[in-house]
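These notes concern the structure reproduced below.
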Amino acid sequence: MLTSTNRLIDDALNYTNISKELAHRIKVPNATYSINFGVRLNDKLHTFNGWRCVHSDHMEPVKGGIRFDIDSNLEEVEGLAALMTYKNAIIEVPYGGSKGALKINPNDWSEDELEKITRRFAQELIERDMINPARNVPAPDMGTSSREMAWIADEYKRMHPADINSLACVTGKPVGKGGISGREEATGRGVQFIIREFFRNKEDFKLANFKGGLKGKKIAIQGFGNVGFHIAKFLQEEDDCIIEAILEFNGAIRNNNGINVSEAHDFFRQNNTFHGFSGGEFINDGNSLLKEKFDILIPAAKENVINIENASEIKSNLIVEAANGPVTYEADKILNKNGIIIIPDIMANAGGVAVSYFEWVRNLRHIRFGRLEKRRNLNQIQTLIHSIEAMTGKSMPEEFKQVLNDGINEIDLIRSGLDDMMIEAYQKVKIIQKESNIGDLRTAAFKAALEKIAVSYETIGL
Ligand code: NAD
């Protein structure tokens with residue numbers, strides 16, 4: 001995966017003035033720590049293998065998720081860490097890039113066992129500052145969630161009881177344990193915001209051969225975990241899209257009239273398969289649907305799923321990379337040649353790290369967003385309502401009063417900040433694409449990121 005990313009980077013470097021030497025320095029990972037550790041479970045000693053890669057610490061802390069996946073390996077972790085470096089640069093969060101993985105299948109272990117394994121893994125990383133509020137701040141990724149982040153934060157606190165900022169050692173924690181509302185939905189929400197921005201951009205919209213707006217667009221999503229579920233839910237409930245197909249590792253469901261996302265979600269959580277779900281046709285070889293025609297195809301599961309084997313058969317107008325690295329280098333070239341537009345991962349799924357940034361800042365501030373100004377704003381709104389009523393001699397309709405009197409909650413601020421970051425990232429990449437006459441969004445996005453990182457290295461004399 002790192003090789004694939006570096007080939008994409010080489011293409012983008014052709015559009016920059018970055019020297020060969022500096023480009024090499026940016027591309028290679030700083031350091032990767034490989035760990036083997038033992039945990040005694042049910043009187044048997046098990047040895048686990050994991051990694052944490054710091055790809056670039058041109059800014060600290062470095063940031064990137066920890067995944068639990070049996071297929072993980074060192075090369076994948078380094079590739080994913082590299083993507084974090086570029087992603088963080090594009091959305092302008094003050095972080096370098098990092099990533100971690102533990103080579104396990106979480107489904108093989110009970111919750112108690114997983115807690116012991118996670119805590120031991122965390123100890124190994126904390127001891128070496130690979131988890132630290134000022135140095136390296138993980139978040140959830142495939143196979144991990146707020147539960148694992150809470151265990152990690154607790155372990156850090158035990159090892160650093162006097163660190164007042166200990167909660168900021170990891171993001172994506174549960175709300176009530178230092179987490180922030182909106183983090184769990186953030187990556188999916190960010191994908192929704194960037195798709196909306198795409199549809200506001202007339203030029204891209206035409207290039208993708210779309211007619212009409214986002215409403216009614218037919219969508220296929222691969223991966224129905226945290227990211228895939230939230231994308232499906234928001235696009236269906238708030239944008240009136242038709243979720244036509246959902247692809248999982250063990251089969252897909254398809255319904256031309258649209259799948260009820262909440263029902264499908266409940267069914268999949270209970271049964272770990274779509275087999276037997278009455279809201280659509282079950283298809284055994286789910287991933288064969290990748291080659292069917294949809295308006296928007298959203299890979300939200302794993303890397304390398306669109307590759308040299310299937311790329312030339314992809315027919316959807318737009319691919320939105322919610323997963324990290326779902327399209328290989330060779331596939332990217334084929335899709336571009338075939339006129340299929342791609343919103344690349346480093347833009348599309350940046351919502352998770354954006355809201356992680358808000359959570360980290362909130363943990364360091366020790367006060368929730370909006371706390372200081374909420375009452376004052378409400379008093380001002382009350383005064384405004386009274387003045388309007390006094391001046392007009394009429395009372396304001398209750399429904400408007402209600403909305404105004406609700407004031408701004410933290411979740412409103414989080415969504416507003418996220419929306420702004422996604423829109424800004426998209427618009428910035430579009431300007432670079434136009435100015436440099438670049439054919440695709442990915443190369444333009446990498447150019448934007450590389451130039452930002454290069455400045456950071458140059459200012460420290462490299
Ligand atoms: P998750 O573990 O919650 O969900 C992944 C889903 O994909 C699972 O339901 C799994 O069964 C399914 N899946 C696995 N292999 C599959 C296959 N071959 N075909 C179809 N489905 C398959 O993970 P997630 O957090 O939703 O992450 C998904 C992707 O999004 C990953 O690439 C991750 O790196 C990326 N991502 C996640 C976040 C985040 O905040 N969680 C942020 C940015 C990017």
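The values are calculated or read from the model by the stated rules, or taken from the named source; none is laboratory data. Just so it is clear, the model here is predicted, and its values are computed rather than measured. All Cβ positions, even for glycine, are placed from backbone atoms using ideal geometry, and neighbour counts span all protein chains on display. Side chains are part of the model used for accessible areas, which takes the heavy atoms of the whole protein and leaves out ligands, DNA and RNA. Shrake-Rupley method; radii C 1.70, N 1.55, O 1.52, S 1.80 Å.
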Rounded to 5, the percent of DSSP beta bridges in region 209-339 classed as antiparallel: 35 percent
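Apply the Kirkwood formula to the chain: the hydrodynamic radius equals the inverse of the mean of 1/r over all pairs of different alpha-carbon atoms; give it in Å with one decimal.
It is 23.2 Å.
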Just the C-alpha atoms of region 209-339: what Rg/Rh do they give, with Rh taken as the Kirkwood radius? 0.95
Step through the residues of region 246-263 one at a time and calculate ³J(HN,Hα) from phi using the Karplus curve (6.51 cos²θ - 1.76 cosθ + 1.60, θ = phi - 60°), rounding each to whole Hz and writing x for Gly and Pro. 10, 10, 10, 5, 10, x, 10, 10, 9, 8, 4, 8, x, 8, 6, 5, 5, 5
Taking a cut-off of 13 Å between Cα atoms, list the aspartates and glutamates near LYS428, but don't count ones fewer than 8 places away on the same chain. GLU92, GLU197, ASP420, GLU451
Chain lengthening between LYS44 and LYS315 when straightened (0.36 nm per residue, less Cα-Cα): 92.5 nm
Under 5 Å between amide hydrogens, which residues at least 5 positions from ASN136 or on another chain qualify, with H placed 1.01 Å from N in the peptide plane? VAL62
Using amide H atoms built in the peptide plane, which far-off residues or other-chain residues are under 5 Å from HIS55 H to H? ASN30, GLY97, SER98, LYS99
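Within 10 Å of each candidate Cβ there may be at most 16 other Cβ atoms; applying that plus a DSSP loop requirement, which chymotrypsin sites (Phe, Trp or Tyr not before Pro) in region 160-251 survive?
Hits after loop and neighbour filter: PHE249.
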For the chain, the percent of accessible surface on carbon and sulfur atoms (probe 1.4 angstrom, ligands and nucleic acids excluded) is 49 percent
Positive minus negative residues near PHE199 (Lys, Arg vs Asp, Glu; Cβ under 10 Å): +2
Working from the pairwise distances between different alpha carbons, so that the mean of 1/r is found and then inverted, what is region 212-262's Kirkwood radius in Å? 10.8 Å
Compare the peptides 100-109, 295-304 by average per-residue count of other Cβ atoms within 10 angstrom and give them in order, highest first. 295-304, 100-109
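Excluding GLN382 itself, what net charge comes from residues whose Cβ is under 14 Å from its Cβ, given Lys and Arg +1 and Asp and Glu -1?
Neighbourhood net charge equals +2.
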Quick one: work out the % antiparallel among DSSP beta bridges in the chain, nearest 5. 50 percent
Suppose all protein chains stay in the model; what accessible area per residue would a 1.4 Å probe give for the chain, in Å²? 44 Å²
What list of ³J(HN,Hα) values in whole Hz, one per residue of region 113-122 in order, does the Karplus curve 6.51 cos²θ - 1.76 cosθ + 1.60 (θ = phi - 60°) give from phi, with Gly and Pro shown as x? 5, 4, 4, 4, 5, 4, 5, 5, 4, 4
With DSSP loop assignment and no more than 12 other C-beta atoms within 10 Å, the trypsin sites (Lys or Arg not before Pro) in region 375-442 are LYS394
Sparse-neighbour loop sites [GluC sites (Glu not before Pro); region 357-459; at most 14 other C-beta within 10 Å; DSSP]: GLU373
Defining a contact as two alpha carbons under 8 Å apart and six or more residues distant in sequence, what relative contact order in percent does the chain show? 15 percent
For a test of understanding, tell me how many lysine pairs in region 197-355 have Cα atoms under 13 Å apart, given they are 8 or more places apart or on different chains. 7
How much net charge surrounds ALA252 when only other residues with a Cβ under 14 Å from its Cβ are counted (Lys, Arg +1; Asp, Glu -1)? -3
Karplus couplings for region 385-390 from phi (6.51 cos²θ - 1.76 cosθ + 1.60, θ = phi - 60°), rounded to Hz, Gly and Pro as x? 4, 4, 5, 4, 5, 5
Cα gyration tensor of region 77-221 - equivalent ellipsoid semi-axes, whole Å, descending: 35, 18, 15
Tell me what the chain gives for mean residue ellipticity at 222 nm when only DSSP H runs of n ≥ 4 count, each as -39,500 (n - 2.57), the sum divided by the residue total, rounded to 500 deg cm²/dmol. -15000 deg cm²/dmol
Rounded to the nearest 10 Å², what accessible area does ASP239 have for a 1.4 Å probe in the complete protein model? 20 Å²
Please list the non-local residues whose amide H lies under 5 Å from the amide H of ILE342, H modeled 1.01 Å from N, same-chain partners needing a gap of 5 or more. ILE319, LEU441
